[in-house]
Amino acid sequence: MTPTPNSPNKTEMIRALPSTLTPSQVVAELAKKGVKVSRNLVYLARNGKSKAAGAGKSKKTTGAKPGPAKRGPGRPPKSAASKGAATQAKGGSLSGAQRELARAILNIGVPAAEEVFNRLRQLIG
């Protein structure tokens, strides 16, 4: 496939496909259309990372850095840890089955999910 000024680039083509497809399936789908992509490009396109993401930024800075110094890996500050515990106590965490249900509801849409729940209530009740 020869690129034309109005044709979508490979990244746009990858993002146009359903996100439920595995990278290998995306490569196969685009190969059917004559577009050659790698699995790595699929990963990069889906995660929104690009080579030009930091193109305009200079690595050298003059003067003092704003904000606190950057910390390395390790245990988070106490305030951040306590915030996480507070959200879990309020019901912020979901079980595996609840996360799956939430993903399914988001995939089909809330109105469609409400219809499904209404049908279930009719069958059960």
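The values are calculated or read from the model by the stated rules, or taken from the named source; none is laboratory data. Quick caveat, the model's predicted, so the values are computed rather than measured. Every residue, glycine as well, gets a Cβ built from its backbone with ideal geometry; the counts of neighbours run over all protein chains shown.
Below, the figures for the structure above:
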{"quantity": "Odd one out for Pro66 among (1) modelled with pLDDT of 70 or more; (2) assigned to a loop (DSSP other than H, G, I, E, B); (3) of a type outside the set (S, T, N, Q)", "calculated": "(1)"}
{"quantity": "Residue ID - modelled with the lowest pLDDT, chosen from residues in segment 1-39 that are farther than 30 Å from Ala104 by Cβ and of a type in the set (S, T, N, Q)", "calculated": "Thr2"}
{"quantity": "Pairs where the first residue, in segment 100-125, is within 17 Å of Ser19 (Cα to Cα) and of a type outside the set (Lys, Arg) and the second is at pLDDT 90 or above and assigned to a helix (DSSP H, G or I), C-beta under 7 Å, 6+ apart", "calculated": "Ile105/Ala113"}
